[in-house]
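Beneath this line is the structure, given in structure tokens, with notes to follow.
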Amino acid sequence: MTMGPIDQAKQADQADQAAQNAFDADERRRKADMAKPMSSAPMKFAEDGSVDWGNMWDSFCVLASAGGPAHRAIMLEPEAGVRVESQGFQAAASEIIRGIFLVSGLRAEMATAEPGWIAVDCPLNGMADWVADQAVQENVHFRADGNRLLVPCGEHWTATGEIKNVITVVAKTTHYFADHIPAEIKSTLAVEEGLNKLGALFKGLFGRKK
């Protein structure tokens, strides 16, 4: 039986709607997958029993800012009321500092004026701001203070938990900054940082009372 024009049109509409429904379902699944935190890399250990941070990752998933899954489901903040003199905090801070150097080559130290934070020295103007912004989107609270990147630390943190979260995000963001950000963008970030510093200087000079 030959279909008339009206039946053909109805059939075409039904096919279009089915295709749209399938597309919408795929899009919902894709967004749901993106909302899930990224899977954790397995721990690796050196012969002396220490965590082998430098050889834990062969590659990284896409940054959360570019559509990839965030590293964590909820934001990781510094521990409230942290006792920086405690053995637990000192051990966690030492491991984070060691791990940051192994994954990025960057030097870090406890931020004495910022209890609960570790200060990472960034070699390029604008790098700390860029990394901090990316880390927040990975749900790990980093801050920038000029050329210093401030990363959180906690007294009760563990190597397989929060310590690993911080080191992973440092590894991921600094890797992308070093290997995937074009040189001209890095130059622009450096210029912007310089202009911000110059603006602050002018504000300080002209804002003084005579």
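Quick check: anything in the stretch 88-96 within 24 Å of HIS180 (Cα to Cα) and either within 17 Å of the chain's Cα centre (by Cα) or not charged (D, E, K, R) (or both)? I'd like the intermediate steps shown before the answer.
Within the stretch 88-96, the first condition is being within 24 Å of HIS180 (Cα to Cα), and the residues that meet it are none.
Among the residues of the stretch 88-96, not one is within 24 Å of HIS180 (Cα to Cα) and either within 17 Å of the chain's Cα centre (by Cα) or not charged (D, E, K, R) (or both), which makes the answer no.
Summed over the stretch 62-77, the residues that are surrounded by fewer than 20 Cβ atoms within 10 Å (Cβ to Cβ) and outside any loop (DSSP other than H, G, I, E, B) give a count of 2. Taking every residue in the stretch 70-93 that is farther than 13 Å from GLY116 by Cβ and pairing it with any residue that is buried (at least 16 other Cβ atoms within 10 Å of the Cβ) and charged (D, E, K, R), at least 6 positions away or on another chain, the pairs with Cβ-Cβ distances below 8 Å are ALA70/GLU138; HIS71/GLU138; HIS71/LYS172; ARG72/GLU138.
The numbers here are math on the coordinates, done by the rules we state, and not lab data. This one's a predicted model, so the numbers in the text were calculated from it and none came from an experiment. Cβ sites come from the backbone with ideal geometry, for glycine too, and all protein chains shown count toward neighbours.
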